[in-house]
Amino acid sequence: MRAGFRMILDAEAAMEVVGEASDGREAIDQVRSLRPDVVLMDIRMPELDGLEAARRILAATPEDETPKILMLTTFDLDEYVYEALRAGASGFMLKDTPPEQLVAAIHVIAQGESLLSPSITRRVIAEFVKGKGPRPQAQFPRLEDLTARELEVMKLIARGLSNAEIAKTLYVSETTVKTHVARILMKLGLRDRVQAVVLAYEAGVVQPGDHAAAT
């Protein structure tokens, strides 16, 4: 499978595969020495699984050098996917994703967009938060720092809307939405949109089953 992925990605003029790893420990070593922009990480691996490897990579790398991690899994409803998103992975895709979608996904997260397959990501998070129930917002005091409009934007992010869709819903420019998103992440101390979605569900800002306002 790795050979197949490498062949697909090496065929892209804008991409270069700089290394491969057969398990989580090797992946950590490769990231430390090669400093890639994006890591494709299998969730289930020998020695050290992809989830723990992702945690260690994100914890040990300076923020301005942190690679974007795209998790690969066989199942779209996988509790490990939820834990990976909580740990700071930029998104996930199924292993049987068509090559062109994989390439597009790598471009997306390399540019910092982070949230991949919004409807699936939202469903995974909702599924695993649903069983545990949201924690009281009081446990997330930084939420009080958000303005009413920023909280509104956060809810729409959590429901899977893109910046363009949020702009259309709120009748503002996409640039304005990007500014709101940046401020939300900064105020809450979050790495990217994925972590904002996770926090929104865990704090009960949105509830599983909520629907986006946009059509």
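The values are calculated or read from the model by the stated rules, or taken from the named source; none is laboratory data. It should be emphasised that the depicted structure is a prediction, and the values quoted were computed from it without experimental measurement. FYI the Cβ positions are ideal-geometry reconstructions off the backbone, even for glycines, and counts take in every protein chain you see. Accessible surface areas use protein heavy atoms only, side chains included; no ligands, DNA or RNA. Shrake-Rupley method; radii C 1.70, N 1.55, O 1.52, S 1.80 Å.
Filter the stretch 180-196 down to residues that are part of a helix (DSSP H, G or I), under 16 Å from residue 68 (Cβ atoms) and modelled with pLDDT of 85 or more and give me whichever is most open to solvent (accessible area, probe 1.4 Å). The residue in question is 185. Restricting the stretch 118-162 to residues that are aliphatic (A, V, I, L, M), open to solvent by 50 Å² or more (accessible area, probe 1.4 Å) and more than 21 Å from the chain's Cα centre (by Cα), the residue that is modelled with the lowest pLDDT is 138. Considering only the stretch 18-33, I want to know if a residue exists there that is closer than 30 Å to residue 202 by Cβ, in contact with a helix residue (DSSP H, G or I) (Cβ under 7 Å, 6 or more places away or on another chain) and open to solvent by 80 Å² or more (accessible area, probe 1.4 Å). No, the conditions are met nowhere in the stretch 18-33.
Results for (1) under 17 Å from residue 92 (Cα atoms); (2) open to solvent by less than 30 Å² (accessible area, probe 1.4 Å); (3) in contact with a helix residue (DSSP H, G or I) (Cβ under 7 Å, 6 or more places away or on another chain), shown as yes or no for each residue.
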| residue | (1), (2), (3) |
| --- | --- |
| 50 | yes, yes, yes |
| 68 | yes, no, yes |
| 74 | yes, no, no |
| 79 | yes, no, yes |
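Within the stretch 165-179, can you find the residues that are assigned to a helix (DSSP H, G or I) and free of Cβ contacts under 8 Å to residues at least 12 places away in the same chain? Within the stretch 165-179, 167, 174, 175, 176, 179 qualify. Taking the stretch 1-117 and the strands (runs of 3 or more DSSP E) fully enclosed by it, the elements with 2 or more residues that are modelled with pLDDT of 85 or more are at 38-42, 68-73.
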